[in-house]
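Participant: Once you've had a glance at the structure underneath, I'll fire off some questions.
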Amino acid sequence: MTNRPSSDELRAKVTEVLPGLRTDLEDLVRIESVSADPARAGEVQRSAEAVAELFRAEGFPTVDIVTAEGGAPAVIAHKPGPEGAPTVLLYAHHDVQPENDHADWDSPPFEPTERDGRLYARGAADDKAGIAAHLGALRVFGDDLPVSVTMFIEGEEEVGSESLPALLREHQERLRSDVIVIADSGNWDIGEPALTTSLRGLVRADVEVRTLTHAVHSGMWGGLVPDSLIALSRVIASLHDDAGDVAIAGLHSGPAADVEYPEERLRAESGAVAGVQWIGTGSVVERLWTKPALSITGLDAPKVEGASNTLVPAARAKISLRIAPGDTTENAVARLREHLEANVPWGAELNVTIVDTGEATQIDATGPAYDAAREAFTEAWDGTAPVDMGVGGSIPFIAEFLEAFPRASVLVTGVEDPDTRAHGANEGLHLAEFERVVLAETLLLARLGTLEV
C-alpha cells in the first residue's frame with residue numbers, strides 16, 4: 001500500500017462496513033456453538049465452518065479448520081501483507097457459554113435482538129464480537145493490508161482451552177508473529193477504553209470432609225460425633241480472616257493501577273444487595289485484580305426440604321481460588337493444601353482433588369506495539385486514553401501464548417463493558433462501543449504497518 005489512507009478515510013470506511021459486519025455477527029450468533037454441551041458438537045463444527053467461510057470471502061489464500069488431541073475445531077487463516085511488514089496474529093474464539101434457563105432472558109438467547117443500543121444474544125459479545133471486530137478491520141483494508149495477518153479463532157475457550165497447547169505446538173510456525181491481538185477482554189467503561197495488562201490465575205478444588213463411615217441418628221449420636229457439615233463449615237470459615245481477606249499463608253499479592261472505582265458503580269455492576277459490605281482490605285482494584293480471592297461455588301449436602309434427623313457422614317465443597325499476578329498455580333496448590341490440612345477439625349478425614357488450574361498473567365505493556373495501540377485507542381475514543389486495566393477473572397491461555405511466543409508483543413483488548421453480562425442471561429454488545437473497537441483495531445493495524453521488525 002503506497003498511499004496510506006488518512007485516519008478520516010479509515011473512520012469513514014469503518015462506518016461503511018458496519019452494516020454488513022453486523023449481519024455477519026448476527027449470523028454467527030444464531031449458531032449454538034456451546035462447547036460445553038456434547039449434544040451441540042455439530043453446532044461448534046458448523047460455527048468453525050462459518051468462520052472459515054468469512055475469511056475465505058475476504059480473500060485469505062490459506063484457511064484451515066484444525067483440531068488437536070480430540071479438541072474442538074479452530075480456524076487458522078493467513079493473508080500476506082507487504083514484504084517486510086510485521087505479522088499480526090488476531091485471536092478470538094467462536095465457542096460460547098451455555099445459555100442456561102431461557103426464562104431468564106428477555107429475548108431468545110440465540111436470536112440477536114437490539115434494545116436500547118445493545119445487541120442481546122449469547123456470544124453477541126463474548127466472543128463472536130471479537131471475531132467481527134477483527135473481520136471489520138480487515139474489510140476496511142481489503143487486499144491492501146498494511147501488515148501480514150494470521151487469524152486464530154479457537155473453539156474451546158469456554159471449556160478451558162485444553163487442546164490449545166497442542167495446537168500452539170503443532171502450528172507454531174504458522175502462528176508465529178510479531179504482535180498478537182487477543183480480543184477476549186473488555187474496556188474500563190462506556191467511553192473509556194482499556195488495555196488488559198494483568199489477569200488472575202485460577203485453582204479449582206473439590207474438598208471433601210468425612211466424619212463417619214455411614215449416616216447415624218442425630219439424637220442418638222449428636223453431642224459426641226461431629227457431623228461432616230459442621231466440620232466442613234469450620235474448614236470453609238478458616239479460609240478468610242475477620243476482614244474478609246484470604247487467610248491462606250504464602251499467597252502472593254501486589255499493587256494495582258491507581259484507578260478509581262466509584263461506590264455507586266460497584267453496587268450497580270456487582271448486583272450486591274443494599275446492605276452487603278465489601279470484604280477484604282486494600283484498594284478496590286487491588287482486591288479485584290492483584291490480590292487472591294476465594295469463593296465457594298458449590299456444595300454437596302442434603303437439601304433442607306425433606307432433610308432427616310441424620311448426621312451426614314461426608315460433605316463436599318468446590319473452592320475457586322483466584323491467584324494474583326506474580327504467583328504460580330504450583331505455589332497456590334501447595335499453600336491451599338497446607339491450609340486445609342491444618343484447619344480440618346476433630347480429626348476428620350480430608351480429601352482434596354484439584355479440578356483444574358490456570359496461570360496468572362502479567363504483561364509488560366511497553367514498547368512500540370503498545371505505543372501504537374495506545375495511540376489508536378486514544379484516537380478511536382476521541383482523545384480518551386486507554387486505562388491499563390487488570391481483570392479479576394482468568395484467561396489462562398494468554399500465559400500459554402506468552403510462553404509459546406516470548407518475543408511477540410501481546411495486546412489484550414476486547415469488546416466488553418461493565419454491563420455486558422458475559423456468561424449470564426441477557427449478554428449484550430454495546431453497538432456504539434463496538435464501532436469504536438473496530439475503528440481502534442483498524443487504526444492499530446495501520447500504525448503497526450509502519451513499525452520495523
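Participant: Open to solvent by 10 Å² or more (accessible area, probe 1.4 Å), acidic (Asp, Glu) and under 22 Å from the mean Cα position of the chain (by Cα): does that describe GLU173?
Facilitator: It is false that GLU173 is open to solvent by 10 Å² or more (accessible area, probe 1.4 Å), acidic (Asp, Glu) and under 22 Å from the mean Cα position of the chain (by Cα).
Participant: Another question, if that's okay. Got a number for residues in region 312-352 being more than 13 Å from HIS252 (Cα to Cα), touching a strand residue (DSSP E or B) at 6+ places or on another chain (Cβ under 7 Å) and either touching a residue at least 12 places away in the same chain (Cβ under 8 Å) or not in a helix (DSSP H, G or I) (or both)?
Facilitator: Qualifying residue count, region 312-352: 16.
Participant: Of the numbered conditions (1) closer than 21 Å to ASP127 by Cα; (2) modelled with pLDDT of 95 or more; (3) charged (D, E, K, R), GLU400 satisfies every one except a single condition; which is it?
Facilitator: Result: GLU400 passes all but (2).
Participant: Restricting attention to region 62-72, does a residue exist that is crowded, with 24+ Cβ neighbours inside 10 Å and at pLDDT 95 or above?
Facilitator: Within region 62-72, one or more residues are crowded, with 24+ Cβ neighbours inside 10 Å and at pLDDT 95 or above.
One line per residue, one yes/no per condition, for (1) farther than 30 Å from ILE131 by Cα; (2) in contact (Cβ under 8 Å) with a residue 60 or more places away in the chain; (3) part of a strand (DSSP E or B):
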residue: GLU173; (1), (2), (3): no, no, no
residue: ILE182; (1), (2), (3): no, yes, yes
residue: SER185; (1), (2), (3): no, yes, yes
residue: VAL203; (1), (2), (3): no, yes, yes
residue: HIS214; (1), (2), (3): yes, yes, no
residue: GLY223; (1), (2), (3): yes, no, no
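Okay, residues lined up against (1) basic (Lys, Arg); (2) out of contact with any Gly (no Cβ under 8 Å at 6 or more places or on another chain); (3) not in a helix (DSSP H, G or I):
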| residue | (1), (2), (3) |
| --- | --- |
| GLU49 | no, yes, no |
| ARG56 | yes, yes, no |
| VAL63 | no, yes, yes |
| ALA68 | no, yes, yes |
| GLY81 | no, no, yes |
| ASN100 | no, yes, yes |
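Participant: Any residue that is more than 30 Å from GLY390 (Cα to Cα) and open to solvent by 50 Å² or more (accessible area, probe 1.4 Å) - is there at least one of those in region 238-249?
Facilitator: No, that holds for no residue.
Participant: Look through ASP184, ASP143, ASP127 and report the one residue that is open to solvent by less than 20 Å² (accessible area, probe 1.4 Å), of a type in the set (D, E, K, R) and touching a Gly at 6+ places or on another chain (Cβ under 7 Å).
Facilitator: Answer to the check: ASP184.
Participant: Conditions: (1) touching an Asp or Glu at 6+ places or on another chain (Cβ under 8 Å); (2) surrounded by 24 or more Cβ atoms within 10 Å (Cβ to Cβ); (3) within 24 Å of GLY358 (Cβ to Cβ). ALA132 meets all but one. Number of the miss?
Facilitator: Among (1) touching an Asp or Glu at 6+ places or on another chain (Cβ under 8 Å); (2) surrounded by 24 or more Cβ atoms within 10 Å (Cβ to Cβ); (3) within 24 Å of GLY358 (Cβ to Cβ), ALA132 violates only (3).
The values are calculated or read from the model by the stated rules, or taken from the named source; none is laboratory data. Predicted model only: the values in this text are computed from it and were never measured. Virtual Cβ from ideal backbone geometry, glycine too; neighbours counted across all protein chains shown. Remember, those area values only see protein heavy atoms, side chains included, never the ligands or the DNA or RNA. Shrake-Rupley method; radii C 1.70, N 1.55, O 1.52, S 1.80 Å.
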